[in-house]
1. Of everything in segment 56-72, what is touching a residue at least 40 places away in the same chain (Cβ under 8 Å) and of a type outside the set (Gly, Ala, Ser)? Give them in sequence order.
2. Here are the criteria: (1) within 16 Å of Ala124 (Cβ to Cβ); (2) of a type outside the set (Lys, Arg); (3) outside the structural domain of Ala124 (by TED's automatic domain parsing). Tell me which single one Asp101 does not satisfy.
3. Mind listing whichever residues of segment 97-125 are charged (D, E, K, R), within 22 Å of the chain's Cα centre (by Cα) and assigned to a strand (DSSP E or B)?
4. What are the residues in segment 98-114 that are at pLDDT below 90 and in contact with a strand residue (DSSP E or B) (Cβ under 7 Å, 6 or more places away or on another chain), if any?
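The values are calculated or read from the model by the stated rules, or taken from the named source; none is laboratory data. For clarity, every value in this text was computed on a predicted model and none was experimentally measured. Cβ placement follows ideal geometry from the backbone for every residue including glycine, while neighbour counts extend to all protein chains displayed.
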Amino acid sequence: MFFRSFITSGFIAVIYTALISILSNGELPVWSNEMYVVLGIFWTMGFLSVLGFIYGRKIKKKFRGELGTIKWFDPTKGYGFLIRDKGGDLFVHLRAVQPQDKRKLKEDTRVRYTVENTEKGPQAENIRII
């Protein structure tokens, strides 16, 4: 994905640089030093914007989360369920709970979490007590 972003932004930068050369009526030759600077700026801007578009959702999803309340949780079995503030229940596995919160997780505890779609359906991940 990283390589594809690099190539795509390069193509976009070359197209923009060619357009600037055409629109400047030949005042800026395509292979002049100024055009290399323009090409570099467009390439960098395109590369960062493509990376931001691709990875921004993942980063945003990781820092943001939903809120909910633990419905029930059995630490001996290692799983339970929580009630989402948006409505509905989500499965909770012990491995998804932050290590410092594993012993504190009880019924009616408020938590922040992210939702991951697994093979068995949606599941709560990165669970933290708030």
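1. Correct list: Lys61, Lys62, Arg64, Glu66, Leu67, Thr69, Ile70.
2. (3)
3. If the condition is that a residue be charged (D, E, K, R), within 22 Å of the chain's Cα centre (by Cα) and assigned to a strand (DSSP E or B), then Arg112, Glu116, Glu125 are the ones that fit.
4. Those that are at pLDDT below 90 and in contact with a strand residue (DSSP E or B) (Cβ under 7 Å, 6 or more places away or on another chain): Gln98, Asp101, Lys104, Leu105, Lys106, Thr114.
Condition check ((1) of a type outside the set (Phe, Trp, Tyr); (2) in contact with a Gly (Cβ under 7 Å, 6 or more places away or on another chain); (3) assigned by TED's automatic domain parsing to the domain that holds Tyr16; (4) in a loop (DSSP other than H, G, I, E, B)) across all residues:
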site: Leu39; (1), (2), (3), (4): yes, no, yes, no
site: Ser49; (1), (2), (3), (4): yes, no, yes, no
site: Ile83; (1), (2), (3), (4): yes, yes, no, no
site: Lys86; (1), (2), (3), (4): yes, no, no, yes
site: Phe91; (1), (2), (3), (4): no, no, no, no
site: Arg95; (1), (2), (3), (4): yes, no, no, no
